[in-house]
Amino acid sequence: MSQNKKFKRKATVKVLEERCKGCWYCVNYCPTKVLQVSEKMNAKGYHPPVFKENIDENVVCIGCHLCELYCPDFAIVVEELE
Amino acid sequence: MSQMTDMRKMEEEWLRTERLPHVWCPGCGIGIVLNAFLRAVIRRNIPKEKMVVVSGIGCTGRTAGYVNVDSFHTTHGRAIPFAVGIKFARPDLNVVVFSGDGDLFAIGGNHFVNAARRNHDLLIIAVNNFTYGMTGGQHGPTTPTGAYTTTTPYGNPDRPFNIPHLAISLGAPYVARWTTYHVNQLQNSIYKALNMKGFRVIEIISQCPTVYGRRNSMRSPMSMMEYFQKNSVINNKASYEEMELTYNGKIVVGEFRNVGGIPSYEERYEEIIRRAQE
Amino acid sequence: MTEKHLKEGYYFWSGDVAAAEGAIAAGCRFYAGYPITPSSEVAETMALRLPQVGGKFIEMEDEIGSIAAIIGASWTGERSMTATSGPGISLMNENIGLAVMTEVPLVIVNAMRGAPSTGLPTLIGQGDLMQAKYGSHGSYEIITLYPNNIQEAFDLMFDAFNLAEKYRVPVMYLLDGLLAHMYEKVYVPPREVWEKKIIRRKRARKGQLPYQPDEDMIPPMPLIGEGYNIHATGLTHDERGYPDLTPQAQEELVRRLNEKILKHERDIWKVEEYMTEDADVIVVSFGGESRAVKAGVNLARKEGIKAGMLRLITIWPFPWEYITKYSADYIVAEINYGQMYHLVREYSDNDVYQLNKMGGEIHTPEEVLKRIREVSS
Ligand SMILES: Cc1ncc(C[n+]2csc(CCOP(=O)(O)OP(=O)(O)O)c2C)c(N)n1
Ligand code: SF4
Ligand code: SF4
């Protein structure tokens with residue numbers, strides 16, 4: 001179904017939503033596109049990203065940490081599985 | 001847990017998390033630089049009480065307020081001499097100056113030039129966003145010729161500093177330039193510089209979408225990042241001419257100078273004390 | 001390597017040299033400065049002497065850098081000093097404000113010359129008295145001391161450093177073109193004696209916030225490199241040192257910065273009262289000028305005029321109680337167009353007269369006598 005199937009799931013992403021300011025670098029730089037802009041709004045009025053794995057099991061986080069490195073707001077935590 | 005996950009955990013300890021979210025605008029590159037900096041410091045295993053961060057005034061100057069180490073938000077342009085005082089008094093500390101381009105090169109230009117000449121043992125993280133962010137986007141000493149700012153409504157007639165050229169001409173032993181797009185190279189560069197002595201200068205081309213980008217057809221954070229991505233060329237052996245930055249032109253990045261063995265001011269003064277007490 | 005300290009004995013020093021030696025004896029181990037007449041000999045003495053006692057001297061690129069460097073050094077716990085003259089103070093003023101706001105102990109020597117601007121580089125002026133307190137923007141209090149002889153230029157440095165450290169505040173140490181370059185004999189006591197005079201700064205208890213004041217309104221100072229994770233900013237801040245840009249925080253902080261000095265003014269004041277007890281006319285004076293004033297007062301006494309002198313050693317906080325205490329008329333003798341005159345007028349119920357020269361020289365004793373005669377007739 002998805003080409004992402006060829007990757008192994010390595011990590012999960014936690015979003016510290018109150019720190020997010022909605023620049024969406026994470027969404028843009030994720031090589032497997034597992035982050036997407038969410039509908040919800042935080043206290044400051046920004047839409048934090050949501051981790052799609054929770055919604056769609058075909059997308060996979062490969063644990064590259066790029067989202068974390070690009071996040072200017074320290075709002076992303078990538079946690080490796082195991 | 002992997003090293004990367006551990007590092008992310010430690011990063012929280014190095015931040016004054018009670019002060020987050022920070023003051024910077026959505027997509028401002030300063031946070032990316034701070035992120036890379038903290039990771040490099042953590043990788044170096046520098047104890048927190050051995051690290052001091054000094055900033056001047058400006059958006060970048062606010063950095064000192066977020067790092068959970070001895071940290072000083074000084075006056076506009078004076079971060080370098082303030083740091084000189086700390087380092088000279090306590091040579092065992094790692095003293096880092098983290099500030100903006102206007103702070104370091106316009107109002108603080110004289111200090112930069114002379115501190116580099118004396119080769120103080122300082123790491124200078126110079127965030128170049130082409131403008132005075134804090135005061136609303138006036139042109140500064142790094143604004144490319146032709147760029148639009150609130151004080152160059154017809155385009156900038158000034159010529160910007162070529163910061164790596166300037167630093168190299170002053171004998172700085174480590175000189176590099178990256179953009180916020182180069183998160184890994186930047187982190188590695190800081191990591192490397194942290195282990196060196198003398199006046200080390202890392203210029204980071206950074207996006208200020210709010211007051212610079214929007215006047216120069218890069219309104220969104222991503223459009224500035226795309227500009228950096230598309231226009232950057234890595235060339236460690238670049239000539240001084242190639243290092244020059246032009247309006248919407250190529251951005252030559254790389255590690256332009258890396259030489260060891262030049263004694264720092266602090267080291268040379270040890271010899272002075274020895275002679276005085278002979 | 002062995003440290004070389006001053007030996008007990010008599011020395012023949014200029015005011016600049018005495019101030020520098022006094023500073024080192026008082027524990028100063030860090031100096032950053034930029035040369036300017038008539039203060040340059042302070043720097044030269046420091047360059048020679050500081051490394052002999054394990055201290056650090058650096059000649060910076062300008063006065064702004066100099067004061068920034070000593071603020072940084074003071075945070076490491078070093079007793080730190082710079083020296084300059086009026087034009088240099090003008091450049092330092094922004095960072096004097098930073099030191100006030102972030103409560104950093106410093107000693108700043110200003111060897112006053114004729115001014116405004118480049119004025120009279122080698123000659124006396126006393127025009128920087130208001131600048132000493134009001135030079136930086138905002139309302140704040142700092143301490144200003146001013147000796148009038150070379151022995152005192154040495155001795156008073158202990159007060160300068162002790163007060164700076166005790167109150168976490170910059171101390172302006174005034175000299176003038178006369179004192180800076182004038183030579184006199186100075187007695188230096190044995191090291192054990194002078195070292196007992198040194199008061200070290202209060203140290204923060206673990207867990208005490210960097211701007212959490214004690215009862216006396218002074219927060220003990222945490223030092224760099226000891227794991228306090230200090231944050232200091234010139235922005236209005238709370239007790240953690242974090243920016244708090246509210247009228248409430250401003251009210252609390254700025255009031256305390258002023259009151260921590262004013263509530264302790266009697267501890268700070270030093271004044272020489274010379275034949276003031278029965279005086280009908282008192283000449284208020286300070287620094288180099290007060291040497292002529294004393295001679296003038298003596299001449300007046302010989303003529304049977306009940307004259308006296310109040311010599312302000314503490315200029316700021318202004319020792320107003322010494323003015324209100326007497327019911328004499330006052331003459332304020334100063335080498336400027338009239339600065340302390342306004343303070344004396346503010347506190348005296350009697351007549352206050354001026355005796356001014358614009359700079360370059362002090363009054364002669366005869367000129368002082370003439371003025372005393374005029375006002376007492
Ligand atoms: C003496 C003085 N002059 C002017 C200012 C106003 N000011 C504050 S920040 C700033 C420019 C900051 O620009 P830069 O250093 O490039 O930092 P950025 O905000 O872009 O990160 C200016 C002019 C000041 N604070 N102090
Ligand atoms: S770690 Fe990499 S793959 Fe996983 S969400 Fe972040 S950017 Fe995407
Ligand atoms: S104004 Fe520009 S430099 Fe300042 S925080 Fe906003 S984006 Fe960053």
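A few comments on the model shown:
- Any hit, the range A:43-58, residues being modelled with pLDDT of 95 or more, of a type in the set (A, V, I, L, M) and assigned to a loop (DSSP other than H, G, I, E, B): no
- Within the range A:36-74, the residues that satisfy the criterion of being within 14 Å of chain B (Cβ to nearest Cβ) and within 12 Å of ligand 2 (Cβ to nearest atom) are A:PRO49, A:CYS61, A:ILE62, A:GLY63, A:CYS64, A:HIS65, A:LEU66, A:CYS67, A:GLU68, A:LEU69, A:TYR70, A:CYS71.
- Apart from one condition, C:THR82 fits all of (1) free of Cβ contacts under 8 Å to residues at least 40 places away in the same chain; (2) under 21 Å from C:ILE199 (Cα atoms); (3) polar (S, T, N, Q); the exception is (1).
- Number of positions in the range A:28-50 that are crowded, with 19+ Cβ neighbours inside 10 Å and under 9 Å from the mean Cα position of the chain (by Cα): 5
- Of the residues making up the range B:17-45, those that are surrounded by fewer than 18 Cβ atoms within 10 Å (Cβ to Cβ) and either over 25 Å from B:SER220 (Cα atoms) or more than 9 Å from chain A (Cβ to nearest Cβ) (or both) are B:THR17, B:GLU18, B:ARG19, B:VAL23, B:ARG43, B:ARG44, B:ASN45.
- Selection status of C:VAL283, buried (at least 20 other Cβ atoms within 10 Å of the Cβ) and modelled with pLDDT of 95 or more: yes
- Top-ranked residue of the range B:91-107 - restricted to ones that are more than 20 Å from B:GLY65 (Cα to Cα) and within 15 Å of ligand 1 (Cβ to nearest atom), ranked as nearest to the other protein chains (Cβ to nearest Cβ): B:ILE107
- Options C:SER74, C:SER136, C:SER80: the member that is within 12 Å of another protein chain (Cβ to nearest Cβ) and part of a helix (DSSP H, G or I): C:SER74
- Helices (runs of 4 or more DSSP H) completely within the range B:169-251 that count 1 or more residues being under 22 Å from B:ALA115 (Cα atoms): B:183-194, B:240-243
- Residue ID - farthest from the chain's Cα centre (by Cα), chosen from residues in the range C:225-255 that are surrounded by 17 or more Cβ atoms within 10 Å (Cβ to Cβ) and among the β-branched types (Val, Ile, Thr): C:ILE230
- Members of the range B:1-15 found to be closer than 15 Å to A:ASP73 by Cβ and surrounded by fewer than 18 Cβ atoms within 10 Å (Cβ to Cβ), listed by number: B:GLU12
- Checking A:GLU68 against (1) assigned to a loop (DSSP other than H, G, I, E, B); (2) more than 15 Å from B:HIS22 (Cβ to Cβ); (3) in contact with a Lys or Arg (Cβ under 7 Å, 6 or more places away or on another chain), the condition it does not meet: (1)
- Which listed residue, of C:ILE331, C:ILE313, is within 30 Å of C:PRO213 (Cα to Cα), β-branched (Val, Ile, Thr) and not assigned by TED's automatic domain parsing to the domain that holds C:VAL169: C:ILE313
- In this entry, A:SER2 is excluded by the filter for residues that are modelled with pLDDT of 90 or more, more than 11 Å from ligand 2 (Cβ to nearest atom) and not acidic (Asp, Glu).
- Within the range C:206-224, the set of residues being in contact with a strand residue (DSSP E or B) (Cβ under 8 Å, 6 or more places away or on another chain), crowded, with 19+ Cβ neighbours inside 10 Å and closer than 21 Å to C:TYR140 by Cβ comprises C:PRO210, C:TYR211, C:MET221.
- Flag for A:CYS67 being in contact with a Phe, Trp or Tyr (Cβ under 8 Å, 6 or more places away or on another chain), within 16 Å of ligand 3 (Cβ to nearest atom) and closer than 19 Å to B:CYS28 by Cα: no
- Residues located in the range B:68-85, provided they are in contact with a strand residue (DSSP E or B) (Cβ under 7 Å, 6 or more places away or on another chain), under 24 Å from C:THR236 (Cβ atoms) and either within 16 Å of ligand 3 (Cβ to nearest atom) or not in a strand (DSSP E or B) (or both): B:ASN68, B:VAL69, B:HIS73, B:THR74, B:ALA79, B:PHE82, B:ALA83, B:GLY85
- Residue that is farthest from the other protein chains (Cβ to nearest Cβ), among those in the range B:165-218 that are among the aromatic types (Phe, Trp, Tyr) and either without any contact (Cβ under 8 Å) to a residue 40 or more places away in the chain or more than 16 Å from ligand 2 (Cβ to nearest atom) (or both): B:TYR174
- Residues that are within 15 Å of the chain's Cα centre (by Cα) and farther than 18 Å from B:VAL41 by Cα within the range B:84-103 comprise B:GLY100, B:ASP101, B:GLY102, B:ASP103, listed in sequence order.
- Within the range B:3-26, tally of residues that are in a helix (DSSP H, G or I) and of a type in the set (Val, Ile, Thr): 2
- Test: residue in the range C:265-272 that is more than 14 Å from chain B (Cβ to nearest Cβ), in contact with a strand residue (DSSP E or B) (Cβ under 9 Å, 6 or more places away or on another chain) and over 30 Å from C:HIS363 (Cβ atoms): no
- The range B:115-138, subset in a loop (DSSP other than H, G, I, E, B), touching a strand residue (DSSP E or B) at 6+ places or on another chain (Cβ under 9 Å) and more than 9 Å from ligand 3 (Cβ to nearest atom), residue nearest to the other protein chains (Cβ to nearest Cβ): B:HIS120
Residue-by-condition table, conditions (1) without any contact (Cβ under 8 Å) to a residue 60 or more places away in the chain; (2) within 16 Å of ligand 3 (Cβ to nearest atom):
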residue: A:GLU18; (1), (2): yes, no
residue: A:PRO48; (1), (2): yes, no
residue: A:VAL60; (1), (2): yes, no
residue: A:PRO72; (1), (2): yes, yes
residue: A:ILE76; (1), (2): no, no
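- Taken over the range C:343-375, residues that are assigned to a helix (DSSP H, G or I) and among the hydrophobic types (A, V, I, L, M, F, W, C) amount to 6.
- The sole residue among B:PHE88, B:PHE112 that is away from ligand 3 (no atom under 15 Å from the Cβ), assigned to a helix (DSSP H, G or I), of a type outside the set (Ser, Thr, Tyr) and more than 9 Å from every other protein chain (Cβ to nearest Cβ) is B:PHE112.
- Residue among C:LYS263, C:LYS306 that alone is outside the structural domain of C:LEU163 (by TED's automatic domain parsing), crowded, with 16+ Cβ neighbours inside 10 Å and not acidic (Asp, Glu): C:LYS306
- Residues that are more than 10 Å from chain C (Cβ to nearest Cβ) and not polar (S, T, N, Q), drawn from the range B:57-73: B:GLY58, B:CYS59
- Checking B:PRO263 against (1) within 14 Å of chain C (Cβ to nearest Cβ); (2) modelled with pLDDT of 95 or more, the condition it does not meet: (1)
The values are calculated or read from the model by the stated rules, or taken from the named source; none is laboratory data. The structure presented is a predicted model; accordingly, all values stated were derived computationally and were not measured. Neighbour counts run over all protein chains shown; Cβ positions are idealised from the backbone, glycine included.
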